[in-house]
Amino acid sequence: MFNLTAPRALLMVIVSLSEVLLIVDLVLLVVTIYLLRTSTKEARGRSHLIDQLIQATRTFSRAEYFTEVQEAVGESTSYIYATVTGTPPKEDEHETIERLLRQFARASKAGVRLRFILPKDPGRLMMGHRYKSGGSDVMYNSSILVSDLRYMVVDGRVTVLGFPERSGAEEPTRKGYKIYSEGVSLMFKERFESLWESPSSIDYDSYLENTMKEAAANTPGISDELLASLLRLPIEEIRRGKCR
């Protein structure tokens, strides 16, 4: 006689395996749907983040750069920290720079703390003097990369970045980015404060005095008038630097 128990048991095993496979397929389908939905959400999230960054970051030309800087200064209430080229303004920039300097002076009188770091170069003494005369604190440091990046941090919430079209310490800022981000502002603020407190930084008065001493040592008998002309400084400032 045939034993019917073995085929029946085998059939039950096959049915059980089919059920398991169906369950596995269902689980895989659920996981796939979940991953697809998650991927879609992540894509939407990335798209939303990009949109936010585009709205928060604006590119502008040189003329717009000065306008944005002036607006940022006008909105300041606490402090302005900036690394700048400190080059004397060109012929067509005098009015713009004078307007900006007046705005810095007004901000200082309103209680805003202004700090500027300029490249350590005698040619930058003229603008350092203008900033200082308007109530700003000024430092010089030879390590700041003004040929690549200039930045201004306002109240820890706005950062204005400026770039030249090509590398070079004398190249003017042509393009800029205005970024509304406390995180970005904190990063540049920490960088600025590190440079400000660096032993390689020197304040305006000390740098002026050192420049006067070097001029006298390298060119004995050079007149105050010639120095004032070369450095674009008031003759009274030249004499003050010699007397320190």
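Restricting region 63-144 to trypsin sites (Lys or Arg not before Pro) that sit in a DSSP loop and have at most 12 other Cβ atoms within 10 Å of their own Cβ leaves Lys90. With 0.36 nm allotted per residue and the present C-alpha distance subtracted, the Thr77-Glu98 stretch has 5.4 nm of extension available. For the set Lys132/Lys213; Lys109/Lys132; Lys189/Lys242; Lys120/Lys213; Lys120/Lys189; Lys132/Lys178, the pairs lying more than 23 angstrom apart at their alpha carbons are Lys189/Lys242; Lys132/Lys178. Under the combined filter of DSSP loop state and at most 15 neighbouring Cβ atoms within 10 Å, region 188-231 retains these GluC sites (Glu not before Pro): Glu197. Is the shape of region 86-135 rounded, prolate or oblate, going by the alpha carbon gyration tensor and its root eigenvalues a ≥ b ≥ c, with a/c under 1.5 for rounded and a/b larger than b/c for prolate? Taking the square roots of the gyration eigenvalues as a ≥ b ≥ c, region 86-135 is oblate.
Simple spin-label estimate for Arg232 and Glu91 gives 1.4 nm between the two label positions (7 Å along the Cα-to-Cβ direction from each Cα).
None of the figures in this text is laboratory data; all of them are computed from the coordinates on show. What you are looking at is a predicted structure, and each value in this text was computed from that prediction instead of being measured. Using ideal geometry, Cβ is built from the backbone for each residue, glycine included, and neighbour counts are taken over all protein chains shown.
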